Structure formats: structure tokens, C-alpha cells
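What follows draws every value from the coordinates through simple rules; no lab data is involved. Note that the structure is predicted; figures quoted are calculated from it, not measured. Cβ coordinates were reconstructed from backbone atoms using ideal geometry, including for glycine residues, and neighbour counts include every protein chain displayed.
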């Protein structure tokens, strides 16, 4: 079975499992798990922040960030199709009493600067207090343009808002962007740091393309992370001997960042292999996520038909295929053959 549902389905490699088995551990709630502490120091330094907080999931990382930035009755500006608004159970509103102000997004995931400006509320008791701008990179596998990030965060600062990046696939964006300016030797880690430098806080996920079994990190100032740590406790995110999980992440940071380029190449290979089929509109992937739109006569039962043929994906009229470290180039070619046969 070729599993292209998501990069969250990755399994720990043998080397990652060995690192987990050898991890030195303590009690992270007491703050004395040395491997967790090392990971938090490392990811904060890598992305240019003072501190970081290791949490079980990206949803929890974003929620801790939103609740550390905003108080009850505050508002965050966010994309209508952004993960923090649409796919995280309404946690900011339900648990943080933070009002979302969702705005339409452009095809690349950006929000028009004029729309952001127009929706920042005046200081008036009739309105929720505009406090935060939240962006997402990558968004649907697309890399948010750096010049847009610079302009949007500058606008937010000028209007007194803080900024948060849902960077669940930040390293995919960084790998895609490294060398895009003509410097093929540019390091993906430097690209990630450059993206992160425009935000007050960044959430980054380790259990997607990087292939760790569990975990995300929230990065920010020391004062911000102290507030986020309290939120993590309130919502049940305290972990004990979490060094076993942190060791997997440290291994991923050492070995699985640059190889994301292989996933991007496989997504392009998949897209190229589906070109020319009647009734299909195949997007050009920028990273590891490919969307394919189907004509109505091809859509009925398509996900189940593909599953029976040996390919797992998600969708209905729009299919989503996600490449990852458990899908080789050979598996991608086999997937192309199956998809062409059944689509």
C-alpha cells in the first residue's frame, strides 16, 4: 500500500528508534528532562528565538501561542482556510475566549494587506481588541512569499499587533526557498531562520515531513514562553519522560531536513505523471503536497477505488496526495501507474 494521505503517517526510522532507546530522560514537568531541554534550546537557537516549548501536537502549540498572545475578549486576524481557524476545533474561541477574525485568502495563502488593515478594530468598547496576526507557511503545500511575509508583519507591528506563524511545515518552505534566489548553496536552516525572524512566535511541527512520531515546538521570547508554559499545563500538555520523544526530534533535525527535497521531487514526479489525463486538473506542487481536481464523472467512489488498487489519498472532487520519507521514488512511480490506470 502506498500511503499518500499525509506526511503525518511516517514511521520512525531504525536510526531514530535507536536514538529514542538511548535517550537520557528526566521529568519534564519538573523541567529536568535533559533531552527535552536540549531540544528546546536547539530549536529556539536554530530559528533565532530566546526560548522554546516542546508540546505533543501542532494544534496544542498553536493554541498555547494564541492564548499567550491574547486575553479574553481579544481577537486574532487569520485566513479563512488557515489551520488555526478551520481545523483546530475552535480551540482559541472555546478555550481562550479569543475571537477569530477570518479573512479571505488569495491563491497562494496570503491575505490582502488592505483586508488586514481594514479589519484591525479601533479601540472601542463595541469591538473585540485586535491583538494578533496569524499566518501559515506552507499553506496547502504552497510557500508563502517572503516579501509578503515582510510586508504583512510590518503592517501588523505598525498597527500594534503581535504576529504568530503556524509553521507546521516551515522546513518544507525553507527547503523550497533555499536557493530560489539563485544561491544553490544557501542552507535550508538559514532560510527557516529568515522566515521566522519576522514573527514574534513560531510553531513548528516535527511529526510531518521531519518524520518524528510526536511533537511540535512553540518558539518565542522567554517571557512569552513562560506564559505559554502555563497554558500548556492548563490544557493537559505536561509530559514526564518526554526525552524519548525529544530524542526522535533531535535525530530528525540532524538527518531529515535536507532530505525534504526528495519529497518535493516526488510530488513533482507524481504531478508530471498525471498530466494529460482527461477530466483531471493537476496543480504544480511547490513542496510535498499535490492537489488534483476531478471532473464530476470521475469523482464518485474514487478514494475507495484507489485504496483497493493500492494507493491511499484523501478528498472527493479534489484529491490530495502528500509525499514523505516513507514514499520512495520507486513507490511514486508505482503510484503514477496505478493512478493513471484508475483515473
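Rounded to the nearest 0.05, the FRET efficiency derived from the C-beta distance between residue 265 and residue 320 at R0 = 25 Å is 0.85.
Simple spin-label estimate for residue 151 and residue 272 gives 3.3 nm between the two label positions (7 Å along the Cα-to-Cβ direction from each Cα). Using the Cα coordinates of segment 15-70, the gyration tensor eigenvalues translate into equivalent-ellipsoid semi-axes of 23, 13, 12 Å, sorted from longest to shortest. Our note on the geometry: Cα centres of segment 3-24 and segment 303-343, 22 Å apart. Take each peptide in 272-279, 98-105, count the other Cβ atoms within 10 Å of every residue, and average; sorted highest first, the result is 98-105, 272-279. Residue ranges 122-128, 161-167, 231-237 sort as 161-167, 231-237, 122-128 when ordered by packing (mean number of other C-beta atoms within 10 Å per residue, highest first). Overall dimensions of segment 296-343, expressed as equivalent-ellipsoid semi-axes from the Cα gyration tensor (√(5λ), whole Å, largest first), are 19, 12, 8. Counting 0.36 nm for each residue step from residue 107 to residue 235 and taking away their Cα separation leaves a gain of 42.7 nm. Its Cα gyration tensor gives the chain an equivalent ellipsoid. The semi-axes, each the square root of 5 times an eigenvalue, are 32, 26, 18 Å from largest down. With N the number of residues in segment 1-100, Rg(Cα) / (2.2 N^0.38 Å) evaluates to 1.35. Size descriptors for segment 258-343 (Cα atoms only): Rg and Dmax, in that order, 12.0, 40 Å. Taking 7 Å steps out from each Cα toward its Cβ at residue 123 and residue 87 produces label points 3.8 nm apart.
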